[in-house]
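What follows is calculated from the coordinates using simple rules that are stated; it is not laboratory data. Not measured: the values here are computed from a predicted model. Positions of Cβ are backbone-derived with ideal geometry, glycine not excepted, and every protein chain shown enters the neighbour counts.
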Amino acid sequence: MNNIQKLAALGQSIWLDNIQRKMLTGGGLQAMIDDGLLGMTSNPTIFEKAIGGSGDYDEALKALVAQGATVEQLYDALTIEDVGMAADLFRPVYERTQGQDGYVSIEVSPKLAHDTAGTLADARRLWQTLKRPNVMIKIPATLEGLPAIQQALTDGINVNVTLMFSLEHYLAVAEAYVRALETRAQLGEPLDRIASVASFFVSRVDTLVDAKLEQVVKAENADSARAAALQGKAAVANSKLAYEQSQLLFGGERFKALAAQGARPQRVLWASTSTKNPKYPDVIYVDTLIGPNTVNTVPPETYTAILDHTVVERTVDRDLETARQTVVDLGSLGLDLNQVGNQLSIEGVDKFIKSFEGLLKVIEQKRAAVVK
């Protein structure tokens, strides 16, 4: 049994945060599924690299351009085709796990992050176009995104809620999920095949907090030693406390009534789990967050590192008092993790919009080359 399979036995599903046409057509993804991979996520940055960095899509582009497709139509067709192919490869996993895993995520247009009606319309369109039960529609957890998330779930659409960075964010998202299920129950709609994950971003919290702590360290004052000791601690502490809340909510009386009707808990999905700081271990955001009812979506290099040297043991709810103290200590230095989360949410949306715009430029360049 490899480490991916051992993690699954412990209750944590490893998904791949990557997608590319040659993986789907060349047998690479199927080999990973055979080794225990349980799902896949995508985003505009991933598609920008996949389409811009390879010739995998050239033939498909030529055919679509010949049909008169616009740049945005080209993007739509290519990404939907990839996600559909991936979902078909994962369908046996979905069936074997009775809808627990085997999902592939596709994101609504990042440009709609602050448009509730537009987000909901795009989520419905993607869901209807893909017509697969093991697809998840990714919607960012912005203030405007939350009502769209709740309504999409009420409609029976699987949702991967993305770009969450704080406990405050997480609680709002979990509440939207539970409310959606309660509404479906009141309407007499089935609950047993509604699936959702709450994508809680990890490493970016350390990146931002560490930079702020470094300023305190360099000031060489009474707080410098404490600030130095806290570097690399915020992200894991933040994530562990979110997991604690998920267990309280989905193990509580309110959810038990829904579970009796077949509802599944919304699993926490650890996102942004590659190590950004070379001083930290390459699996720091894997080894510290292992536990049941979780997903960790990882880029290829982290996937390889997990297979090679992750220590598989339950850690996500270990040392919770230490996690709580870390948050208190950060607060004493003027670092409020909810405020950090709000800043990262804004930056995350902006980053995906820029990637989306970059992706459209790449497609436009390829389209122009084909037209010539």
Item checked: the range 65-132 versus the range 335-369: alpha-carbon centroid distance in Å -> 18
Checklist line | Value of relative contact order over the chain, rounded to a whole percent, pairs C-alpha under 8 Å and six or more apart | finding: 22
Check: What is the extension gain from Ile353 to Arg91, computed as 0.36 nm multiplied by their sequence separation minus the C-alpha to C-alpha distance, in nm to one decimal?
Finding: 91.3 nm
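Tell me the net charge near Asn2. Cut-off is 13 Å between Cβ atoms, Asn2 excluded, with +1 for each Lys or Arg and -1 for each Asp or Glu. Display every interim value, and only then the final one.
Details: positive: Lys6; negative: Asp34, Asp35, Asp308.
Here the count lands on -2.
Figure the gain on full extension for Asp192 and Gln325 (residue separation times 0.36 nm, minus the Cα-Cα span) and round it to one decimal in nm. Intermediate values should be presented prior to the final figure.
On the way: separation 133, 0.36 × 133 = 47.88 nm, distance 3.83 nm.
Difference between extended and current length: 44.0 nm.
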Check: Full extension from Ala121 to Val311: what is 0.36 nm times the residue separation minus their Cα-Cα distance, to one decimal in nm?
Finding: 64.1 nm
Notebook entry, point to check: Hey, rough spin-label estimate for Ala60 and Tyr280, points 7 angstrom out along Cα→Cβ, what's it come to in nanometres?
Noted result: 3.3
Next item on the list: Please determine, in degrees from 0 to 90 and to the nearest 10, the orientation of helix 320-332 with respect to the longest principal axis defined by the Cα atoms of the chain, where the helix direction is its Cα long axis.
Entry: 80
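Name the trypsin sites (Lys or Arg not before Pro) in the range 252-305 that are in a loop by DSSP and that have at most 11 other C-beta atoms within 10 Å, would you?
On the way: sites: Arg254, Lys256, Arg267, Lys276, Lys279; in loops: Lys276, Lys279.
Sites meeting the loop and neighbour criteria: Lys279.
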Next item on the list: Round to the nearest 10 and give me the degree value, 0 to 90, for the angle of helix 145-155's Cα axis relative to the longest principal axis of the chain.
Entry: 60
Item checked: Angle in degrees between helix 116-130 and the longest Cα principal axis of the chain, rounded to the nearest 10 -> 60
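I need the calculated FRET efficiency for the pair Ala369 and Ile346, taking r as the beta carbon distance and R₀ as 30 Å, to the nearest 0.05. Write out the running numbers ahead of the final one.
Values: r = 35 Å, r/R0 = 1.18.
Efficiency for this residue pair is about 0.25.
Once you've got the Cα coordinates, tell me which of Lys49/Lys131; Lys49/Lys366; Lys233/Lys354; Lys49/Lys351 are over 22 Å apart. Intermediate results must be reported in sequence, preceding the final value.
Working: Lys49/Lys131 26 Å; Lys49/Lys366 13 Å; Lys233/Lys354 29 Å; Lys49/Lys351 14 Å.
Violating the 22 Å limit, Cα to Cα: Lys49/Lys131; Lys233/Lys354.
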